[in-house]
Amino acid sequence: MMQDSVLTVADLRVRYPGSARDAVAGIGFTVRAGEVFGLLGPNGAGKSTTQRVLTGQHRDFTGSVSVLGRPVASWGRRLYERIGVGFELPAYFPKLTVRENLAAFAALYRTPSSPDQALDLVGLADAADRRAAALSKGMKMRLNLARAVLHRPDVLFLDEPTSGLDPANAAAVRAVIRAQADDGRTVFLTTHDMPAVEELCARVAFLRAGRIVAIDTPRNLRLAYGRPSVVAESLVDGVPQRREFPATDDPALLALLATGRVQTVHTREAALSDVFIAVTAAA
Ligand code: ATP
């Protein structure tokens, strides 16, 4: 079943009881079927709150939010048959084995699911008989991901799926997410991991203080806000120096090159981290 728009949010506002300001202050966006959509922004910008609304866990909001063509509030528990949710902190039964953990979660769904297939998908098949408590952080994050994909949901909501992982484990998790998207799933990702965003997201929205301050493809955002530069390393009186210049014809760079002391010159591409800093800095 495919709909053009899997998530539709219009004028979403959330204010927590006792708070003087909106945690989410009137945001709108749509996410299309099969799209990997990233929600980025500094700590406290409202990302998790938005995810909690979209996943039916926070019901006190105004505006309209629909998931898979229906208002989120009208789904009730059935929503969890259709979406998979992976939270930042892995949730599992520490004394059970990896396979037993997934079997316990599988029992919560009406849709039949295969723990072993999910373990294969995330590269944990070899650890199926290990107790969850004994897993490394990378493995726990994969178990968390296995839990989210177990019942083959239409939409995956992942909150910081690569947080704290070494580069190899982070790449493995990104590959799992890519494979899920290639399989036709829609993925809604909140993350601070810019390589993950570059590699996975078709579009991203940046939140600042509850508002969307930029929304586009990573490429267009880099072109609009990125800051390419040239980095030159030189040796001056035996002391290594590193200087950054805004352009290849910058007069100061040319002067430095003329000294004959420059050892390396690199161009630095505009990065999504530049975009992050440019659009989320306080106005
Ligand atoms: P992070 O990157 O740290 O996860 P975030 O972008 O997910 O941040 P939220 O957790 O959605 O941000 O928080 C948005 C705002 O709402 C913050 O000011 C936060 O302090 C506040 N907030 C979040 N949860 C609650 C709550 N349960 N009660 C009151 N205020 C909350």
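The values are calculated or read from the model by the stated rules, or taken from the named source; none is laboratory data. This is a predicted model, so every value here is computed, not measured. Note that each Cβ is placed from the backbone with ideal geometry, even for glycine, and that neighbours are counted across all protein chains shown.
So, in the range 1-11, exactly how many residues are away from the ligand (no atom under 16 Å from the Cβ) and at pLDDT 95 or above?
So the count comes out to 5.
Of the residues that make up the range 246-258, is at least one out of contact with any Lys or Arg (no Cβ under 9 Å at 6 or more places or on another chain) and under 30 Å from Ala146 (Cα atoms)?
No: the range 246-258 contains no residue that is out of contact with any Lys or Arg (no Cβ under 9 Å at 6 or more places or on another chain) and under 30 Å from Ala146 (Cα atoms).
Using the structure shown, decide if Arg268 is charged (D, E, K, R) and in contact with a helix residue (DSSP H, G or I) (Cβ under 9 Å, 6 or more places away or on another chain).
Taking the combined requirement at face value, the residue does not satisfy it.
Identify, please: which residue in the range 19-41 is more than 7 Å from the ligand (Cβ to nearest atom) and part of a loop (DSSP other than H, G, I, E, B) and is, among those, farthest from the chain's Cα centre (by Cα)?
Ala20
So Asp129 fits all but one of (1) over 23 Å from Asp183 (Cα atoms); (2) modelled with pLDDT under 95; (3) among the charged types (D, E, K, R); what number is the exception?
The failed condition is (2).
Consider Val9 against the criteria (1) without any contact (Cβ under 8 Å) to a residue 60 or more places away in the chain; (2) in contact with a strand residue (DSSP E or B) (Cβ under 7 Å, 6 or more places away or on another chain); (3) surrounded by fewer than 17 Cβ atoms within 10 Å (Cβ to Cβ); (4) not acidic (Asp, Glu): it satisfies all of them except one. Which criterion is unmet?
Status for Val9: all satisfied but (3).
Return yes when Asp159 is away from the ligand (no atom under 16 Å from the Cβ) and not polar (S, T, N, Q) and no when it is not.
Judged against the criteria, Asp159 is not a match.
Just the residues that are out of contact with any Leu (no Cβ under 9 Å at 6 or more places or on another chain) and either β-branched (Val, Ile, Thr) or farther than 20 Å from Val85 by Cβ (or both), please, taken from the range 149-169.
Across the range 149-169, the qualifying residues are Thr162, Asp166, Pro167, Ala168, Asn169.
Restricting attention to the range 45-75, which residues are of a type outside the set (A, V, I, L, M), within 10 Å of the ligand (Cβ to nearest atom) and touching a residue at least 12 places away in the same chain (Cβ under 8 Å)?
Matches in the range 45-75: Gly46, Lys47, Ser48, Thr49, Thr50, Gln51, His58.
So how many residues does the range 194-227 have that are over 21 Å from Ala10 (Cβ atoms) and basic (Lys, Arg)?
Going through the range 194-227 one residue at a time, the tally reaches 3.
Which members of the range 237-265 meet the condition of being loosely packed, with under 11 Cβ neighbours inside 10 Å and either within 27 Å of Ala196 (Cα to Cα) or β-branched (Val, Ile, Thr) (or both)?
Listed by number, the residues that qualify are Val239, Thr259, Thr264.
Can you say whether Val14 is within 14 Å of the ligand (Cβ to nearest atom), under 21 Å from Ala205 (Cα atoms), of a type outside the set (Lys, Arg) and assigned by TED's automatic domain parsing to the domain that holds Leu189, as far as the supplied structure shows?
Criteria met by Val14.
Take the residues in the range 80-97 that are of a type in the set (Val, Ile, Thr) and either within 18 Å of Arg152 (Cα to Cα) or not assigned by TED's automatic domain parsing to the domain that holds Thr191 (or both), then tell me which one is surrounded by the fewest Cβ atoms within 10 Å (Cβ to Cβ).
Applying the filter and picking the extreme gives Val85.
Has the range 56-70 got at least one residue that is in contact with a helix residue (DSSP H, G or I) (Cβ under 8 Å, 6 or more places away or on another chain), surrounded by 15 or more Cβ atoms within 10 Å (Cβ to Cβ), among the hydroxyl-bearing types (Ser, Thr, Tyr) and part of a loop (DSSP other than H, G, I, E, B)?
Scanning the range 56-70 turns up no residue that is in contact with a helix residue (DSSP H, G or I) (Cβ under 8 Å, 6 or more places away or on another chain), surrounded by 15 or more Cβ atoms within 10 Å (Cβ to Cβ), among the hydroxyl-bearing types (Ser, Thr, Tyr) and part of a loop (DSSP other than H, G, I, E, B).
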